[in-house]
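Reading through the structure tokens given below for one structure.
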Amino acid sequence: MRRLKDPMLLVLFASVAVLMPAANYMVFLYAPDEKVMGAAQRIFYFHVPCAVVAFLSTFVMLAGSIGYLWTRRRVFDNLSRSGTELALLFCSLVLVTGPIWAKPAWGVWWTWEARLTTTLLLGLLLAGCLMVRRYAESPEQGARLAAVLGIVAALDVPIIYKAVDWWRGQHPVVFGPGKKDPLAPEMRQTFLFSLLVFALLYGLLLALRMRVADHEDRVRDLGESMAGRGGAAA
Amino acid sequence: MKSYSFLFWAYNVVWIGIAAYVAFLFLRLRSLDGRLDRLERRIERGAGEGQSSSRS
């Protein structure tokens, strides 16, 4: 693929390729077992980074959506679309790994607890953003509707964050203002390293998705210009 | 031991999900590359034909 020779993409790819095995080593071999939950607690080292990256991507989508509604420039729409898709990917991973952790911890796969329910709502809103693009009458109308829905979806992120405080749910709160850090130093180091690697992976996926969006635009522009020439010639 | 099976499934779900998305992106990029190449060639050919017809 000759168009992939971008230095930034290569640097991100190399960083992820080198650091991801190190993160896995830390998750499985360096971090100690948690006393109560045992090995299942290690799900935390990729469940929480997936959630943080899903929120980050929702804010990328929000920036793209506001930028598009303000300027109507296609680059912002591409940012919004890429952010939405990646936010949905990571939100889906959170919604799958969460129940896999909940079963050994709580004894049930799912409860309609506030944080879980609002995270599911975020996933549904993100899926809605992608669906309105597909079913809109024109790409411009789809971009406009998705941008508005994207802003609504982003409003759910602070609600998810505060849900445990507002509605006293079961979901554990490990970090936060006024909370005493319960993690052992090895656990904290593993979590922070895993978070860094997932953030780099997110950067790589976002750069790749933006590249796809750029190619889609170029194909559309060339197709339209050829159709225009054909029309002019006729 | 049962605790490990939950960890195993969660770990696999994350990597299968990410790998599937990366594969989707690469396939889409390859198909777009192909379409871009074809369109660029058609435009170049059209420009070449335009020049030769204007000379004659």
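The values are calculated or read from the model by the stated rules, or taken from the named source; none is laboratory data. Being a predicted model, the structure only gives us computed values, none of them experimental. All Cβ positions, glycine included, derive from the backbone under ideal geometry; neighbour counts span all protein chains shown. These area figures cover heavy atoms from the full protein model, side chains too; ligands, DNA and RNA do not enter into them. Shrake-Rupley method; radii C 1.70, N 1.55, O 1.52, S 1.80 Å.
Do we have A:Ala63 as within 14 Å of chain B (Cβ to nearest Cβ) and either at pLDDT 95 or above or more than 21 Å from A:Ile159 (Cα to Cα) (or both) here? It is false that A:Ala63 is within 14 Å of chain B (Cβ to nearest Cβ) and either at pLDDT 95 or above or more than 21 Å from A:Ile159 (Cα to Cα) (or both).
In the stretch B:3-21, which residue that is of a type outside the set (Ser, Thr, Tyr) and facing another protein chain (nearest Cβ under 7 Å) is most open to solvent (accessible area, probe 1.4 Å)?
To start, the set of residues in the stretch B:3-21 that are of a type outside the set (Ser, Thr, Tyr) comprises B:6-10, B:12-20.
Then drop every residue that is not facing another protein chain (nearest Cβ under 7 Å), which leaves B:6-7, B:9-10, B:13-14, B:17.
Working: B:Phe6: 27, B:Leu7: 5, B:Trp9: 147, B:Ala10: 0, B:Val13: 44, B:Val14: 0, B:Gly17: 21 Å².
Once the filter is applied, the top-ranked residue is B:Trp9.
Looking across the stretch B:26-40, just one residue is more than 7 Å from chain A (Cβ to nearest Cβ) and among the basic types (Lys, Arg), and that is B:Arg38.
If I ask for residues that are at pLDDT 90 or above and more than 30 Å from A:Leu19 (Cα to Cα), which ones from the stretch A:159-203 would you list? Passing the criteria: only A:Ile159.
Yes/no matrix, rows are residues, columns are (1) touching a strand residue (DSSP E or B) at 6+ places or on another chain (Cβ under 7 Å); (2) over 17 Å from A:Leu196 (Cα atoms):
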{"site": "A:Val27", "(1), (2)": "no, no"}
{"site": "A:Tyr30", "(1), (2)": "no, no"}
{"site": "A:Val36", "(1), (2)": "no, yes"}
{"site": "A:Gln41", "(1), (2)": "yes, yes"}
{"site": "A:Phe59", "(1), (2)": "no, yes"}
{"site": "A:Leu62", "(1), (2)": "no, yes"}
{"site": "A:Ile66", "(1), (2)": "no, yes"}
{"site": "A:Leu69", "(1), (2)": "no, yes"}
{"site": "A:Phe76", "(1), (2)": "no, yes"}
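Scanning the stretch A:186-212 for residues that are closer than 13 Å to A:Leu9 by Cα and either away from chain B (no Cβ under 12 Å) or among the aromatic types (Phe, Trp, Tyr) (or both) gives A:Leu200, A:Tyr202, A:Gly203. Scanning the stretch A:93-116 for residues that are without any contact (Cβ under 8 Å) to a residue 40 or more places away in the chain and open to solvent by 50 Å² or more (accessible area, probe 1.4 Å) returns A:Val96, A:Lys103, A:Val108, A:Trp109, A:Trp110, A:Trp112. Name every residue in the stretch A:119-129 that is over 19 Å from A:Gly64 (Cα atoms) and either of a type in the set (Gly, Ala, Ser) or buried (at least 20 other Cβ atoms within 10 Å of the Cβ) (or both), in order of residue number. Answer for the stretch A:119-129, where residues must be over 19 Å from A:Gly64 (Cα atoms) and either of a type in the set (Gly, Ala, Ser) or buried (at least 20 other Cβ atoms within 10 Å of the Cβ) (or both): just A:Thr119.
Output yes when any residue across the stretch A:72-85 is open to solvent by less than 20 Å² (accessible area, probe 1.4 Å), among the aliphatic types (A, V, I, L, M) and part of a helix (DSSP H, G or I), and no when none is. Within the stretch A:72-85, none of the residues are open to solvent by less than 20 Å² (accessible area, probe 1.4 Å), among the aliphatic types (A, V, I, L, M) and part of a helix (DSSP H, G or I). Consider A:Arg81 against the criteria (1) among the charged types (D, E, K, R); (2) within 11 Å of chain B (Cβ to nearest Cβ); (3) within 19 Å of the chain's Cα centre (by Cα): it satisfies all of them except one. Which criterion is unmet? The number of the failed condition is (2). For the stretch A:40-57, check the following and say yes or no: at least one residue is over 18 Å from B:Asn12 (Cα atoms) and among the basic types (Lys, Arg). Checked against the condition, which is being over 18 Å from B:Asn12 (Cα atoms) and among the basic types (Lys, Arg), the stretch A:40-57 yields no hits at all. Taking first residues from the stretch A:25-37 that are in a loop (DSSP other than H, G, I, E, B) and partners that are aromatic (Phe, Trp, Tyr), the Cβ contacts under 8 Å between residues at least 6 apart in sequence or on separate chains come to A:Ala31/A:Tyr45.
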